[in-house]
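Reviewing the structure listed below.
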Amino acid sequence: MEIAILQLLEGARQARGAAVIIDVFRAYSVECYGFAQGLRRIYPVGDLEEARRLKAARPEYLLCGEREGRKQPGCDFGNSPLEIAKQDLTGRVLIHTTSAGTQGLENAKGADFLLAASLVNAKATAEYLRRRNPSQVSLVCMGLAARRPTDEDTLCAQYIRALLLGLPFDKEQAVETMRQGDGRRFFIPEDQSFAPREDFDLCVQFDRFPYALPVRRDAEGRKYVEREIVQ
């Protein structure tokens, strides 16, 4: 198994084989917590206006969206695990549009298949890959708004690679690195309304969920994410 760690939109465009699109803070942590709260399906959408059009066409769907970390007008939820974890989402469908994670899924057109991942489902993602045993794995770190690499996404990619190769990984040091690095934004008092410190704690819970998030297509050809339990 050949494993590459790639960065940002260019990395997504370069991805081949099995492409794992990683967004720890916060897109794919949100999706994991959403499935834990009962979501049936998630439609990831790169373009905010397209997401709004889909919501208008299917008003029974919920819309979760952010730009620059902030909830956008017309959205039911912002991109916060804390907010999502408080909801009863049993049987619901979510439209999800973000600055980084969903952009990666839009741009990884050369991959054979796609997975969405974060630290909270990293081990399940590695197990999913191990079972499918692709010859090539592309771990794509989406970074901050898909503009610059971040500690948390790169560490998540390194952790998944370590799991696949049977290598050691220091989780405690990784959490401290995130806390002192890009995770600092969750501890800014004036930003707690949209970036609460609880989101940091929820996002760094390694392997909390036993499911991978494979990306598939519906009858109309639209990409959707669902959960697949692998542990």
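Could you list, in sequence order, all residues of the range 209-231 that are crowded, with 17+ Cβ neighbours inside 10 Å, under 14 Å from the mean Cα position of the chain (by Cα) and part of a loop (DSSP other than H, G, I, E, B)?
Those that are crowded, with 17+ Cβ neighbours inside 10 Å, under 14 Å from the mean Cα position of the chain (by Cα) and part of a loop (DSSP other than H, G, I, E, B): Phe209, Arg227.
Sort out which residues of the range 174-199 are polar (S, T, N, Q), assigned to a helix (DSSP H, G or I) and open to solvent by 60 Å² or more (accessible area, probe 1.4 Å), and write them in order of number.
Within the range 174-199, Gln180 is the sole residue that qualifies.
Just for the range 108-138: of the residues that are in a strand (DSSP E or B), over 22 Å from Leu202 (Cα atoms) and aliphatic (A, V, I, L, M), which one is least open to solvent (accessible area, probe 1.4 Å)?
Across the range 108-138, the extreme among qualifying residues is Val137.
Could you list, in sequence order, the residues of the range 152-173 that are buried (at least 20 other Cβ atoms within 10 Å of the Cβ) and in contact with a helix residue (DSSP H, G or I) (Cβ under 8 Å, 6 or more places away or on another chain)?
Passing the criteria: Glu152, Leu155, Cys156, Tyr159, Ile160.
Whether any residue in the range 3-21 is assigned to a helix (DSSP H, G or I), under 25 Å from Thr125 (Cβ atoms), among the polar types (S, T, N, Q) and open to solvent by 40 Å² or more (accessible area, probe 1.4 Å) is what I want to check.
Among the residues of the range 3-21, at least one is assigned to a helix (DSSP H, G or I), under 25 Å from Thr125 (Cβ atoms), among the polar types (S, T, N, Q) and open to solvent by 40 Å² or more (accessible area, probe 1.4 Å), which makes the answer yes.
Looking at (1) more than 22 Å from Phe25 (Cβ to Cβ); (2) assigned to a helix (DSSP H, G or I), which is the one condition that is false for Leu163?
Failing condition for Leu163: (1).
The values are calculated or read from the model by the stated rules, or taken from the named source; none is laboratory data. This structure is a prediction, so every number in the text was calculated from the model and none was measured. Heads up, the Cβs are rebuilt from the backbone with ideal geometry, glycines too, and the neighbour counts pull from every protein chain shown. Each accessible area value is taken on the protein alone, full model and side chains, heavy atoms only, with ligands, DNA and RNA left out. Shrake-Rupley method; radii C 1.70, N 1.55, O 1.52, S 1.80 Å.
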